[in-house]
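The values are calculated or read from the model by the stated rules, or taken from the named source; none is laboratory data. All values derive from a computational prediction rather than experimental measurement. Positions of Cβ are backbone-derived with ideal geometry, glycine not excepted, and every protein chain shown enters the neighbour counts. The area values use the complete protein model at the heavy-atom level, side chains included, leaving out ligands, DNA and RNA. Shrake-Rupley method; radii C 1.70, N 1.55, O 1.52, S 1.80 Å.
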Amino acid sequence: MNLPKEKTQEELDIILKNLIIIVDDLDQKSINYFIDSGTLLGMYRDKNFIKWDWDVELSITEKEFEKNKEKILDIINKNKFKILKIDKVNKKIDFTKDLNSNINKFSFKVWKLNEKKSIFYRNNFEIPTKFFEKIDFVECFGRKFNSPNKIEEYLTYMYGNWKVPLRTTDKSKYLSKNYFKRSFY
């Protein structure tokens, strides 16, 4: 199994600079995004990025995305990020700047609401609505970033034992079965 390479401090500094550009613009435009997945885990647990994580993930609810998708694309374009992929079916935007996308990419993930089941979902992933009902904050790099509500409970839902670093690309090893609904087809 190929493990992602650890990023250098110079690469991590570039990633942080670009993340701040994005979130400052999102905050300025009052768009309710949140830091998510491995990015949130690293910021909360390690007070840093996870050096071997291959992407920086931002999430947004579908309702918020539909209201602000032009503003989000404007932020990406005006700051000269390169769009790698726009997945209109799964509603995800992958983009990069200053680094090869094999080293790092940014992902903007859109979560759809299923009110009947009280979950947000995308692809093979499900999150109870309670985590997205309000925005919380994670403090890292000397500032606050938007995060899902109840961070520790959220991380436990996603990862199980999130307190122990696990370096693998196999999602079935690091994501909980509640969160990652693995497809067998």
Practice task
Evaluate the following for Phe132: is it within 17 Å of Thr61 (Cα to Cα), in contact with a Ser or Thr (Cβ under 7 Å, 6 or more places away or on another chain) and not aliphatic (A, V, I, L, M)?
Solution key: yes
Exercise for the section: Return the total of residues in region 28-45 being open to solvent by 50 Å² or more (accessible area, probe 1.4 Å), part of a helix (DSSP H, G or I) and either under 22 Å from Ser101 (Cα atoms) or without any contact (Cβ under 8 Å) to a residue 40 or more places away in the chain (or both). Expected result: 1
Fill in the blank from the handout: Over region 37-72, the set of residues of a type in the set (D, E, K, R), touching a helix residue (DSSP H, G or I) at 6+ places or on another chain (Cβ under 9 Å) and at pLDDT 95 or above is Arg45, Glu57, Lys71
Exercise for the section: Pick out the one residue from Asp24, Asp13, Asp55 that is under 17 Å from the mean Cα position of the chain (by Cα) and open to solvent by 20 Å² or more (accessible area, probe 1.4 Å). Expected result: Asp24
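Take the residues in region 131-164 that are part of a loop (DSSP other than H, G, I, E, B) and either in contact with a strand residue (DSSP E or B) (Cβ under 6 Å, 6 or more places away or on another chain) or in contact (Cβ under 8 Å) with a residue 24 or more places away in the chain (or both); name whichever of them is nearest to Ile21 (Cα to Cα).
If we filter region 131-164 for residues that are part of a loop (DSSP other than H, G, I, E, B), which is where we start, we get 132-135, 141-142, 148-150, 160-164.
Of the ones still in play, those that are also either in contact with a strand residue (DSSP E or B) (Cβ under 6 Å, 6 or more places away or on another chain) or in contact (Cβ under 8 Å) with a residue 24 or more places away in the chain (or both) are 132, 135, 141, 148-149, 162-163.
On the way: Phe132: 23, Ile135: 20, Phe141: 14, Pro148: 20, Asn149: 23, Trp162: 28, Lys163: 29 Å.
The residue in question is Phe141.
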Practice task
Find the residue count for region 67-100, including only residues that are farther than 18 Å from Asn123 by Cα and of a type in the set (D, E, K, R).
Solution key: 10
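Mind telling me which of the residues Phe65, Phe106, Phe95, Phe81 ends up being under 20 Å from Lys144 (Cα atoms) and aromatic (Phe, Trp, Tyr)?
Phe106
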Exercise for the section: Would you mind stating whether Lys117 is over 16 Å from the mean Cα position of the chain (by Cα) and either closer than 29 Å to Ser172 by Cβ or open to solvent by less than 50 Å² (accessible area, probe 1.4 Å) (or both)? Expected result: yes
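Say we look at region 61-89 and pick out the residues that are of a type outside the set (D, E, K, R) and open to solvent by 50 Å² or more (accessible area, probe 1.4 Å); which of these is nearest to Ile20 (Cα to Cα)? Break it down into steps so the answer makes sense when it comes.
We begin by selecting, within region 61-89, every residue of a type outside the set (D, E, K, R); these are 61, 65, 68, 72-73, 75-77, 79, 81, 83-84, 86, 89.
If we keep only those that are open to solvent by 50 Å² or more (accessible area, probe 1.4 Å) as well, we get 77, 83-84, 86, 89.
Details: Asn77: 15, Ile83: 18, Leu84: 20, Ile86: 22, Val89: 28 Å.
By that ranking, first place goes to Asn77.
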Practice task
Please find, among Leu58, Leu99, the residue that is in a loop (DSSP other than H, G, I, E, B) and in contact (Cβ under 8 Å) with a residue 40 or more places away in the chain.
Solution key: Leu99
